[in-house]
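Since the structure comes first, as structure tokens, the remarks are kept for the end.
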Amino acid sequence: MTARELRELTEGELAEKARAFREELFKLRLRASVTQLENPMRIRVLRRDLARIATVLLERVRGAAPIEGEKA
């Protein structure tokens, strides 16, 4: 997901996505320790999506304006 897509979601939706991503990440890490994953890059994608969600939530808490050149 892009940061732009995440900014369009409500805080509740962001929290639900973060919970789902954390759960999937946990399952993938567990599976990776036991067997080989079909798509090991999925772990990296999930970590980055979680970081994007955290960034968007922090922007809202601080009342920060979006980065210049980016539409809100």
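The values are calculated or read from the model by the stated rules, or taken from the named source; none is laboratory data. Note that the coordinates shown come from a computational prediction; the quantities given were computed from them, not determined experimentally. Methodologically, a virtual Cβ is constructed for each residue, glycine included, from the backbone with ideal geometry; neighbour enumeration extends over all protein chains shown. Just so you know, the surface numbers come from the protein's heavy atoms only, side chains and all, with ligands and any DNA or RNA stripped out. Shrake-Rupley method; radii C 1.70, N 1.55, O 1.52, S 1.80 Å.
Of everything in the range 2-12, what is of a type in the set (D, E) and under 15 Å from L58 (Cα atoms)? Give them in sequence order. Steps first, answer last, please.
Restricting attention to the range 2-12, the residues satisfying the condition of being of a type in the set (D, E) are 5, 8, 11.
Hits for the range 2-12 are E8, E11.
Open to solvent by less than 70 Å² (accessible area, probe 1.4 Å), outside any helix (DSSP H, G or I) and in contact with a Lys or Arg (Cβ under 8 Å, 6 or more places away or on another chain): does that describe L9? Talk me through it step by step, then tell me what you get.
On the way: open to solvent by less than 70 Å² (accessible area, probe 1.4 Å): yes; outside any helix (DSSP H, G or I): yes; in contact with a Lys or Arg (Cβ under 8 Å, 6 or more places away or on another chain): yes.
Criteria met by L9.
Return the total of residues in the range 39-65 being closer than 14 Å to E13 by Cβ and among the aliphatic types (A, V, I, L, M). If you could, list the steps in order and put the result at the bottom.
So in the range 39-65, the residues closer than 14 Å to E13 by Cβ come out as 49, 52-53, 56-57, 60.
Pick out the ones that are also among the aliphatic types (A, V, I, L, M) and you get 53, 56-57.
Counting residues in the range 39-65 that are closer than 14 Å to E13 by Cβ and among the aliphatic types (A, V, I, L, M) gives 3.
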message = Anything in the range 33-63 that is modelled with pLDDT of 95 or more, more than 14 Å from the chain's Cα centre (by Cα) and surrounded by 12 or more Cβ atoms within 10 Å (Cβ to Cβ)? List them, or say none.
response = none
query = Restricted to the range 12-32, and to residues that are touching a residue at least 12 places away in the same chain (Cβ under 8 Å) and open to solvent by 60 Å² or more (accessible area, probe 1.4 Å), which residue is nearest to M1 (Cα to Cα)?
reply = K17
